[in-house]
């Protein structure tokens, strides 16, 4: 397994910008065409770089896909840290997270960008499994930390298992996004997330008020 791509910390500002441009172009091409159908020529043209620049930063396709996985994970995690969602440590913030997708169908038509990439990457190169798993683990940590805080604060009963509830939320989201993409209908995602959040709320120490006014920027 080759991991000899240039590290951003050792690059000049111009080099870092070129590397970032290559990663973003590759990420978009992989999302649209898949890993197998994304080749160096397509990436080079989309990023506006030379062949030597591409191979200098990413000597192998696997090294580039690995960088795309990390970039997609970073992007998803950053979107879950927007001020509107706080630390995902209240029932209201969890509902807002779900509603930000349910109420904006255009966000769901292509499926989950990280989930789609994960499936493509694992099919193309099983050696990338640790990279894919790390991205999901970092994403799950956001929910796990929020749910743990809710239990420690007394919002959730002691019987609530943050790990189990985190897996439920992630599975509902990933499965709902896939079914939404297949049916071109947000109903499966809405039903899956509503059911998952209802299960989380079943561990509440007090009745959970539901506020229909959500708003805010979608992650």
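Coordinate-derived values only; no laboratory data. Everything numeric in this text was worked out from a predicted model, so none of it was measured. Every residue, glycine as well, gets a Cβ built from its backbone with ideal geometry; the counts of neighbours run over all protein chains shown.
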Hits in the range 42-77: amide N under 14 Å from the 7 Å Cα→Cβ extension of residue 21, namely 43-55, 57
Note: the range 67-136, point scatterers on Cα, Debye, no solvent; log10 I/I(0) at q = 0.13, 0.19 Å⁻¹ equals -0.45, -0.84
Placing each pseudo-label 7 Å from Cα in the direction of the beta carbon, residue 129 and residue 60 end up separated by a distance in nanometres of 1.7 nm
Here, residue 171 and residue 84, labelled 7 Å along Cα→Cβ, have an inter-label distance in nm of 2.9 nm
Distance in nm between residue 198 and residue 137 label points, each 7 Å along Cα→Cβ, equals 3.4 nm
Under the rule rounded for a/c under 1.5, else prolate if a/b exceeds b/c, else oblate, using alpha carbon gyration tensor axes a ≥ b ≥ c, the range 131-201 is classed as oblate
Here the relative contact order (percent) of the chain, from C-alpha pairs under 8 Å and at least 6 apart, is 22 percent
Log10 I(q)/I(0) at q = 0.11, 0.15, 0.16 Å⁻¹ for the chain, from Debye over equal alpha-carbon scatterers, is -0.61, -0.99, -1.08
Short to long, in 5 Å steps from zero, the percent of alpha-carbon pairs of the range 8-69 per bin is 3, 21, 33, 27, 11, 3, 1
Note: the range 71-201, point scatterers on Cα, Debye, no solvent; log10 I/I(0) at q = 0.10, 0.14, 0.23 Å⁻¹ equals -0.32, -0.63, -1.49
